[in-house]
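One structure below.
Every read-out reported here was derived from the displayed coordinates using simple, explicitly stated rules and does not represent laboratory data. Note that this is a predicted model, so its numbers are computed, not measured. Counting neighbours? That spans all protein chains shown, and the Cβs are built from the backbone with ideal geometry, glycine included.
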Amino acid sequence: VEDAARLTDAPVEGLVFDLDGVLTDTAEQHYQAWKRLAERHGLVFDRERNEGLRGVSRAESLRLLLDGVHVDEATFERMLADKNADYVRALDGLGPDDVLPGAHRVLEDARSRGWRLAVASSSRNARTVLDRLGLTSAFEALVDGTAGLPAKPAPDLFLQAAEELGLAPAGCVVIEDAASGVAAAIAAGMRVVGVGPVQRVGDADLVVDGLDSLDLDAVASLPVRDR
Ligand code: B16
Ligand code: MG
């Protein structure tokens, strides 16, 4: 009885998707661009260190890559611009086939339930990525790194997405692949599905390997967290 009451308190009315790592996997393109930048500057960088950049903003990623190595501000900015130019070039190769398995089915299922759909991404390239995937029109709202909001794990990107959908945070479920994104969703007062290994997204209310194993009936019946 108690559970049923809690569910009717806050039925799911919308899904807020992270982009990189959830709807598509651009981690490889990010990795190659950071790797080339590191090599040009004689810095060490590998795939393991790249894992720590998942869901992290561009400037914070560069700080992690520099790992205490000091560069002046002009160099820091130039490095950010170089990495991004390289990454954006790599996006030319991205297309509709790069939408991850299960994404189209989940979006369709959500739409048939009358749920509203938004994307909230840290990336400043989110619009380009969505356009290349052919997914732009699938979402009513896109909040991204160009919005000038504090980065995840701050809740701001998700709260802005809910506002643009006209929904209360408690009616939204976030779908995220990064630890920082799961923390941001919880801080926003939203339920959250973690995509990936439990070591990374174990704080989520529900953990799946990918959208292809996500069941929206399970999402609809996620209890509201007592936090
Ligand atoms: P950009 P998400 C994040 O996107 C990526 O996961 C992260 O690797 C990247 O550094 C960040 O966007 C910033 O991207 O350099 O394109 O502005 O996962 O929040 O959709
Ligand atoms: Mg992500």
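By the count of other C-beta atoms within 10 Å, a proxy for reagent exposure, I175, I186 are ordered fewest to most as I186, I175.
Here the convex hull built on the C-alpha positions of the chain has a volume of 118 cubic angstrom per residue. For the residues A118, A59, A126, a GNM of the chain with alpha-carbon springs under 10 Å puts the largest fluctuation on A59. Helix content alone sets the calculated 222 nm mean residue ellipticity of the chain: runs of n ≥ 4 DSSP H residues at -39500 (n - 2.57) each, divided across all residues, give -12500 deg cm²/dmol. Along its principal axes, the stretch 49-118 has C-alpha extents of 52, 23, 21 angstrom, given from the largest down.
Taking the Cα centre of the chain as reference, the dipole from Cβ charges on Lys and Arg (+1) and Asp and Glu (-1) amounts to some 420 debye. Taking the DSSP beta bridges with both ends in the chain, the antiparallel portion is around 5 percent. Each listed q (0.19, 0.20, 0.22 Å⁻¹) maps to a log10 I(q)/I(0) for the stretch 132-227, found by the Debye formula over equal Cα scatterers with no solvent: -0.97, -1.07, -1.26. Can you tell which of R78, R105, R124 shows the greatest fluctuation in a Gaussian network model of the chain with Cα springs below 10 Å? Greatest mean-square fluctuation among the candidates belongs to R78.
Multiplying each eigenvalue of the alpha-carbon gyration tensor of the stretch 173-213 by 5 and taking the square root yields semi-axes of 15, 10, 7 Å, largest first, rounded to whole angstroms.
With neighbour counts taken as other beta-carbon atoms within 10 Å, the residues S61, S121, S221 rank, fewest first, as S221, S61, S121. In the frame of its principal axes, the stretch 1-131 has Cα extents of 60, 35, 25 Å, reported largest first.
Assuming charge only on the beta carbon of Lys and Arg (+1) and of Asp and Glu (-1), the dipole of the stretch 96-227 about its Cα centre is about 260 debye to the nearest 20. Legend: ranking of residues S122, S57 from fewest to most surrounding C-beta atoms inside 10 Å; resulting order S57, S122.
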